[in-house]
Amino acid sequence: MTITRTLSELAQLVGGEVVGDGNVEISGVAPIEHAGPGEITFLTHPKYRSFLANCKASAVILSGKAGAASVPSSRPNYLYVAQPTLALARILGQFTPPQSYDGRVSPLATVHESARLGLNVTVYPQAYIGSEAVVGEGCILYPGVVVGDRAVLGEHCVLHPQVTIGERCRIGNRVILHAGVVIGSDGFGFTEDGAERVKIPQVGVVEIEDDVEIGANSTVDRATLGKTVIGRGTKIDNLVHIAHNVVIGEQCLIIAQAGIAGSTKLGSRVILAGQVGVLNHLEIGEGAMIGPQSGVPHSVAPYSVLSSGLPATPHKEWLRVLMVLPRLPELLNKLRTLERNVSAKARTKKKGAKTHA
Amino acid sequence: MTITRTLSELAQLVGGEVVGDGNVEISGVAPIEHAGPGEITFLTHPKYRSFLANCKASAVILSGKAGAASVPSSRPNYLYVAQPTLALARILGQFTPPQSYDGRVSPLATVHESARLGLNVTVYPQAYIGSEAVVGEGCILYPGVVVGDRAVLGEHCVLHPQVTIGERCRIGNRVILHAGVVIGSDGFGFTEDGAERVKIPQVGVVEIEDDVEIGANSTVDRATLGKTVIGRGTKIDNLVHIAHNVVIGEQCLIIAQAGIAGSTKLGSRVILAGQVGVLNHLEIGEGAMIGPQSGVPHSVAPYSVLSSGLPATPHKEWLRVLMVLPRLPELLNKLRTLERNVSAKARTKKKGAKTHA
Amino acid sequence: MTITRTLSELAQLVGGEVVGDGNVEISGVAPIEHAGPGEITFLTHPKYRSFLANCKASAVILSGKAGAASVPSSRPNYLYVAQPTLALARILGQFTPPQSYDGRVSPLATVHESARLGLNVTVYPQAYIGSEAVVGEGCILYPGVVVGDRAVLGEHCVLHPQVTIGERCRIGNRVILHAGVVIGSDGFGFTEDGAERVKIPQVGVVEIEDDVEIGANSTVDRATLGKTVIGRGTKIDNLVHIAHNVVIGEQCLIIAQAGIAGSTKLGSRVILAGQVGVLNHLEIGEGAMIGPQSGVPHSVAPYSVLSSGLPATPHKEWLRVLMVLPRLPELLNKLRTLERNVSAKARTKKKGAKTHA
């Protein structure tokens, strides 16, 4: 089944302006280096600008206003919009019909008799729903999903294969959990009794608010007491670790392989880049941005932009830097001594000069 | 069902002293900012001390002796103990009755006819136990658990959903494996035959000793030959990577997202903080502690405390540091030249001074 | 069942030369510190050379030619080869008979009626194959594997427990995916509409070429449009993150916990060490090698050898380094000022000297 829209219809959908033929028919989206006739493409990263000259697409989404058109040739047709990526997202949605689900519980799934399922819930074979669990209307549970006892899912959630929801954890509405995500594993809490490590029971839960999306194989630990919270609209990438009692605000972005240690709180719209590590019991203020691979050992003021990542350097040069690095304190001391010596001499000189004079 | 203990009973359990009313009834534990009447709370992190003034809890666990009481108001009751976190762990245990399992094998699980199961083993639906596998008394296998052929589990292990135990791997007693843990995946062993990469068969196993706990989605590779070992009582957090032939001693703590490369040996009670990376074929001595995000490229003496993590810095300032960093060797050379020049001049000066004299 | 080969037979297999008794019978391989009579061992890492003196093995694989034998004692027998690790891989293969699979689809697996399976496919209980999926001849699908709708697997692939292949993704021949691998999760693509984050539909696929192996719990996201590609013969370790639209060349090695951000391209035979992070939209040239924990913020020329990892340092010393690090720009400025002062004085001095003369 092919879905077709005219360029004008797409312009109307995204609030954009057409330069060229608004009646051209579009039936798909493709990246600029591959797009052909009948397809619309886009230019969201300047790196790909050079492909524009030979572009065979029927239309190109560009940033700006039609009046300010800076593209010389009018061979393809242009769709000017204020936010090309947002336009792309919406246009892609037009050509990607929502996947259809049968809204039924497979007889090969295991659903505890005391679980409560809303209308139109799709449960694939080999999924498991525990006792007194609640699954809201329109949820989709792929094969291998495990919903623990007394866990609660809101409406229209999608749980991809092998997702585990621990007992008593609560998931909001329209939450998307990708394959292998674990919600509600025990927090890493141990103490000592002499030489032995003793487990601190982890009796809290995880609460995930509406419109959260979490990437493949990420893990969110349950609280020791109380709850670990992922705020509304926050998006988490793959292989991210969220420790017990962490509280993440709304609309945050946590990029792949980042980790947040226990009890740390993130305000709204915080961005952690890939492989960032944040220590425990900290507060990361609203809107703060932390660059890739940075370590965060202290609380961070709102809207701070911090980083401590190191760019890869020719290995031999880097080894030479590493030779000097541990000597930095010594180097600073030498410099201070030199400064004193030179200025002392300058004074002596001056005095001497005076004496001479 | 509510469990109730008097404060005196709890004091006796943990070997503590009561200041206030020992007869007050406690039926739960809560964090200090949320605790109310009938609950006991604790003060294990100084950050939360300010909550003490308005605390509504019936009792507070504090560190120290009753005689040395430093808390002015006696509105709540106090339980003084030598180790508050240990007391908390035990008191939490009182109010967290062990989850009940039916000790039966679900007819919806798959258990090979040649597998041997001990008494009172709980196997949930959709779990799989391979041929000649052994599962000890009282083990609990959640949905989606896979126990490979000829793998052996000791007694009272808990394998959370989607845990995979590879064939022939051996797990001790009271081992807890959280959701998605993989034990016994192939080690990363390849060699070359001309331009082609050739797989080195990974025919060893993993051996996990008693009382080990491993966090969600962590992976432990089987040895090329022989065995990868996780020592007794060691606790591993989420998303940790343990490579082939690694040998970890007893009572170690390996925090989230750390990784240990092939054949490295850790002594007992080693602590690796989050996102640490340890290279292959090293020896990390007993009791060594490695700070967050540090890289360990060489063996480490016992009881060393090492780190190389970088704290996130205002991004613009960090960029300026990064401009200078590669020039450190040059900077050191300049400094040396200067030192020589200045001291040469000083000598000339002195000589000159003498001449002048 | 014991497999036995004479040392001469093994020598013929790997193209090596025997020093000693070629008729000695070998029935296994063991590491040098454990090997006993009837076993062959190897010396691939110089660290273990000291074990050679007391080695009880019937034969040792060594690097070099028999004529150049540098090992004094001839107590064990020696097998000299050009590439000991390659010889080890092949000899191990001799003693590790391929695991036998029954080539049947378990009635406890779920296979959609429209899926097409080749000859001799083994599907374990609790595996799931979606509609119109294709599984090539000789594939092995362990328990808990999920093959999405219209996904295509080539021949002789091994999918370990809990592997997820997303819908429409394509896997080549002889691909090995270890437990918990996720292929085809959605890329991390979001844009904003005012304060709300909006998901960019991820409608592309993942394509994995022949002879790729991917380690436990690694994740490969599907492209936004088009495809994410893992090139022929590339080997990926555990817990690695490959983002949407990444293209990886042939025969690369990506070590544990490395991550590659969106749309980045790797040439052939690139090596990323453990915990490396590569930013998005970059090109990493053929044969480039990046050291452990390094960050890659810019494109890399072919055959570059780069690193930026920091070796763990005694914690107190490191704290002193961290005190100076942010002052590096200031330090450089001070040094420059000093240089100017000293050379200015030198000039003054000279002038002065001339004047005096």
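The values are calculated or read from the model by the stated rules, or taken from the named source; none is laboratory data. Bear in mind the structure is a predicted one, so any value in this text is a computation, not a measurement. Please note: Cβ atoms are built from the backbone with ideal geometry, for glycine as well, and neighbour counts cover all protein chains shown. For accessibility, only protein heavy atoms count, side chains too; no ligands or nucleic acids. Shrake-Rupley method; radii C 1.70, N 1.55, O 1.52, S 1.80 Å.
For the criterion of being outside the structural domain of B:Gly172 (by TED's automatic domain parsing), of a type outside the set (A, V, I, L, M) and either open to solvent by less than 70 Å² (accessible area, probe 1.4 Å) or under 29 Å from A:Arg197 (Cα atoms) (or both), B:Ser58 passes.
Of everything in the range C:245-258, what is open to solvent by 30 Å² or more (accessible area, probe 1.4 Å), under 24 Å from C:Leu225 (Cβ atoms) and either not in a loop (DSSP other than H, G, I, E, B) or not polar (S, T, N, Q) (or both)? Give them in sequence order. If the condition is that a residue be open to solvent by 30 Å² or more (accessible area, probe 1.4 Å), under 24 Å from C:Leu225 (Cβ atoms) and either not in a loop (DSSP other than H, G, I, E, B) or not polar (S, T, N, Q) (or both), then C:Val247, C:Glu250 are the ones that fit. Counting only residues that are farther than 21 Å from C:Gly226 by Cβ and of a type in the set (Lys, Arg), which one in the range A:90-118 is farthest from the other protein chains (Cβ to nearest Cβ)? That would be A:Arg116.
This table checks each residue for (1) surrounded by fewer than 24 Cβ atoms within 10 Å (Cβ to Cβ); (2) within 23 Å of B:Gly215 (Cβ to Cβ); (3) facing another protein chain (nearest Cβ under 7 Å).
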| site | (1), (2), (3) |
| --- | --- |
| A:Val220 | no, yes, no |
| A:Ile260 | no, yes, no |
| A:Asn280 | yes, yes, no |
| A:Gly291 | yes, no, yes |
| A:Pro302 | yes, no, no |
| A:His315 | yes, no, yes |
| A:Val321 | yes, no, yes |
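Do the conditions hold for B:Thr228, that is, is it crowded, with 24+ Cβ neighbours inside 10 Å and among the polar types (S, T, N, Q)? Against the criterion (crowded, with 24+ Cβ neighbours inside 10 Å and among the polar types (S, T, N, Q)), B:Thr228 qualifies. Taking (1) at negative phi; (2) at pLDDT 85 or above in turn, A:Gly38 satisfies each apart from (1).
The residues of the range B:1-40 that are touching a Cys at 6+ places or on another chain (Cβ under 9 Å) and open to solvent by 30 Å² or more (accessible area, probe 1.4 Å) amount to a single one, B:Glu33.
Remark: pairs (first residue in the range C:127-156, farther than 19 Å from B:Val145 by Cβ; second residue at pLDDT below 95 and open to solvent by less than 20 Å² (accessible area, probe 1.4 Å); Cβ separation under 6 Å; 6+ apart in sequence or on different chains) are absent. The set of residues from the range B:13-61 being touching a residue at least 40 places away in the same chain (Cβ under 8 Å), β-branched (Val, Ile, Thr), assigned to a loop (DSSP other than H, G, I, E, B) and within 22 Å of A:Ile200 (Cα to Cα) comprises just one member, B:Thr44. Looking only at residues of the range B:328-344 that are more than 7 Å from every other protein chain (Cβ to nearest Cβ), open to solvent by less than 70 Å² (accessible area, probe 1.4 Å) and touching a helix residue (DSSP H, G or I) at 6+ places or on another chain (Cβ under 9 Å), we find that the one that is modelled with the highest pLDDT is B:Thr337.
Taking the stated definitions as given, is B:Leu86 touching a residue at least 60 places away in the same chain (Cβ under 8 Å) and surrounded by fewer than 20 Cβ atoms within 10 Å (Cβ to Cβ)? Answer is yes for this residue.
Among the residues of the range B:278-312, those identified as closer than 24 Å to A:Gly309 by Cβ, assigned to a loop (DSSP other than H, G, I, E, B) and more than 16 Å from the chain's Cα centre (by Cα) are B:Leu279, B:Pro297, B:His298, B:Ser308, B:Gly309, B:Leu310, B:Ala312. Taken over the range A:225-244, the residue count meeting the criterion of being at pLDDT 95 or above, more than 13 Å from chain C (Cβ to nearest Cβ) and either at positive phi or not in a strand (DSSP E or B) (or both) is 2. When you check B:Ser268 against the structure, is it surrounded by fewer than 24 Cβ atoms within 10 Å (Cβ to Cβ) and among the hydroxyl-bearing types (Ser, Thr, Tyr), yes or no? The answer is yes for B:Ser268.
Taking the range A:128-216 as the region of interest, the strands (runs of 3 or more DSSP E) fully inside it that hold 2 or more residues being open to solvent by less than 10 Å² (accessible area, probe 1.4 Å) are A:182-185, A:205-208.
Filtered by the rule that a residue be open to solvent by 70 Å² or more (accessible area, probe 1.4 Å) and closer than 30 Å to B:Ser8 by Cβ, the range B:94-113 gives B:Pro98, B:Gln99, B:Ser100.
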